[in-house]
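Novice: Take a look at the following structure, please.
The values are calculated or read from the model by the stated rules, or taken from the named source; none is laboratory data. All values derive from a computational prediction rather than experimental measurement. Cβ placement follows ideal geometry from the backbone for every residue including glycine, while neighbour counts extend to all protein chains displayed. Calculation scope for accessible area: heavy atoms of the full protein, side chains included, ligands and nucleic acids excluded. Shrake-Rupley method; radii C 1.70, N 1.55, O 1.52, S 1.80 Å.
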Amino acid sequence: MKKHVFATVLCIVSMFLFCGCGVYQLADRQRNEIYSLEVWSAAENDEWIYHVDYPHFYYGFNNVDMGSTTFYDMEQAVDVTEVPEETFLYLRDYILGLEDETGGEDSVFAYSIVFYYYDEKGEYQRVYVDGYDDFPEDFDLFTDKVNEICGDTYLTGSGSLQEVTPEFLNEVWGVTDEDVPDGTLEEFIARREIDIKYLTEMFHMQSELEAFYADGKEHLIAPCRPTQLIEKESTQEEYEAFLAEFASGLLKHGIEMQESDAEIQDQDNMVRFNQGFYIAKTSDLSKMSTEAPVTEDGYYRLLLDAHMEGMTMAADFIYSRDGKFMLIDCYDVDIQEVFVSCEEK
């Protein structure tokens, strides 16, 4: 019996020592080692590749009309543990020698680098660098080294800068001015501030066009966003008159407003319409749960009953122009525009 106990203890101690040794080796290995290296280069290239995220992905366009930017696995990337120290030191020193630039109004994006690594002491370090209008000296040699550890020729480090133009978007995804709601591709690029870096992250053309359209409506909706809590009394007649005007405005956009069936009226002190958004009187606001601004936009939100063991869900809302009514949990900017356009009665 004692032999079994001794053997078990010996096994546990051996495992502990082995694991301890492994931890020591891991910590020792993580010196002068890349954790991740993300590089954008806006140099024109036939493959339309401008962004790599070593050791995992490179980014490209899926070449579908009205498509999106997609990331692809780096199948031949060198393991971070196998990057030669001289290569690591070259990459580190080159990046640390770059100056982080701030682009001006007319600047053209050239490159960006996000470098996470373990230094010679094994401490985790982060470096962020942006550059505009031109490449720094020997940038082509730098991208060659990046391509080397990525396992393929992805980035180009010299030549003309690829700007995002209507012609380029048309070539990549077939988009034209006719696809832009209330605007042109030139206006779309300018208002959304789209450069090669923006375009080669997780960019989805249709979503961006919808955001552009919403941006164009924001000056109408912004004055009615809840930067403070407002409670104003209203009569039932005023409420019904407001709903009638709101419904009439929606019809002009081809939307028929209908009060949802009783079985899906799932919140107190508000009425659900079109199986989606809610309308309430601000005089009932004190009966509702609110959330003080927790994001940079500075807007209050409502906490709606999620009907799951006391859980709640945050919902955006806007006020009517007269401050007597609220549109809740609606993200269709056409509906929002009609709501804030209803005149005070």
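Novice: Failed condition for GLU85, given (1) more than 14 Å from ASN32 (Cα to Cα); (2) open to solvent by 80 Å² or more (accessible area, probe 1.4 Å); (3) touching a residue at least 24 places away in the same chain (Cβ under 8 Å), with all others met?
Specialist: For GLU85, the failing item is (1).
Novice: Could you please find all residues in segment 154-173 being farther than 22 Å from GLU105 by Cβ and over 28 Å from the mean Cα position of the chain (by Cα)?
Specialist: Of everything in segment 154-173, those that are farther than 22 Å from GLU105 by Cβ and over 28 Å from the mean Cα position of the chain (by Cα) turn out to be SER158, GLY159.
Novice: Something else now. Give me a count of the residues in segment 271-291 that are open to solvent by less than 60 Å² (accessible area, probe 1.4 Å), more than 19 Å from SER234 (Cβ to Cβ) and among the small types (Gly, Ala, Ser).
Specialist: 1
Novice: Related question: Please work out which residue is nearest to THR295 (Cα to Cα), limiting yourself to segment 230-248 and to residues that are open to solvent by less than 80 Å² (accessible area, probe 1.4 Å) and either in a loop (DSSP other than H, G, I, E, B) or modelled with pLDDT under 95 (or both).
Specialist: ILE230
Novice: Here's another thing I want to ask about it. Just to check your reading of the model, which residue among TYR213, TYR198 is in contact with a Pro (Cβ under 6 Å, 6 or more places away or on another chain) and either within 23 Å of VAL333 (Cβ to Cβ) or open to solvent by 30 Å² or more (accessible area, probe 1.4 Å) (or both)?
Specialist: TYR213
Novice: Quick one: what pairs do we get from segment 216-230, first residue under 22 Å from ILE189 (Cα atoms), second open to solvent by 60 Å² or more (accessible area, probe 1.4 Å), C-beta under 8 Å, 6+ apart or different chains?
Specialist: GLY216/ASP182; GLY216/ARG191
Novice: Would you pick out the residues in segment 298-331 that are in a loop (DSSP other than H, G, I, E, B) and in contact (Cβ under 8 Å) with a residue 24 or more places away in the chain?
Specialist: Selection gives GLY298, TYR299, TYR300, HIS307, SER320, ARG321, ASP322, GLY323, LYS324, ASP329, CYS330.
Novice: Any residue that is open to solvent by 80 Å² or more (accessible area, probe 1.4 Å) and on the phi < 0 side of the Ramachandran plot - is there at least one of those in segment 47-58?
Specialist: Checked segment 47-58: at least one residue is open to solvent by 80 Å² or more (accessible area, probe 1.4 Å) and on the phi < 0 side of the Ramachandran plot.
Novice: Further question: Can you tell which of TYR94, TYR54, TYR50, TYR118 is out of contact with any helix residue (DSSP H, G or I) (no Cβ under 7 Å at 6 or more places or on another chain) and of a type in the set (Ser, Thr, Tyr)?
Specialist: Selected residue: TYR118, the only one of TYR94, TYR54, TYR50, TYR118 that is out of contact with any helix residue (DSSP H, G or I) (no Cβ under 7 Å at 6 or more places or on another chain) and of a type in the set (Ser, Thr, Tyr).
Novice: Quick one: in segment 129-139, which of the residues that are open to solvent by less than 60 Å² (accessible area, probe 1.4 Å) and more than 26 Å from the chain's Cα centre (by Cα) is nearest to ASP53 (Cα to Cα)?
Specialist: Going through the qualifying residues, I end up with PHE139.
Novice: Looking at (1) at pLDDT 95 or above; (2) touching a strand residue (DSSP E or B) at 6+ places or on another chain (Cβ under 9 Å); (3) surrounded by 13 or more Cβ atoms within 10 Å (Cβ to Cβ), find the lone condition where SER160 falls short.
Specialist: The number of the failed condition is (3).
Yes/no per residue for (1) open to solvent by less than 30 Å² (accessible area, probe 1.4 Å); (2) in a loop (DSSP other than H, G, I, E, B):
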| site | (1), (2) |
| --- | --- |
| GLU38 | no, no |
| ASP100 | no, yes |
| SER107 | no, yes |
| TYR111 | yes, no |
| GLU120 | no, yes |
| VAL127 | yes, no |
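Novice: Answer yes or no as to whether GLU33 is modelled with pLDDT under 95 and either acidic (Asp, Glu) or surrounded by 18 or more Cβ atoms within 10 Å (Cβ to Cβ) (or both).
Specialist: When the stated conditions are applied, GLU33 does not pass them.
Novice: Please enumerate the residues belonging to segment 257-270 that are closer than 12 Å to ASP329 by Cβ and open to solvent by 40 Å² or more (accessible area, probe 1.4 Å).
Specialist: The answer is ASP266, and nothing else.
Novice: Something else: Among the residues of segment 321-340, is any open to solvent by 60 Å² or more (accessible area, probe 1.4 Å) and over 24 Å from ALA211 (Cβ atoms)?
Specialist: Scanning segment 321-340 turns up at least one residue that is open to solvent by 60 Å² or more (accessible area, probe 1.4 Å) and over 24 Å from ALA211 (Cβ atoms).
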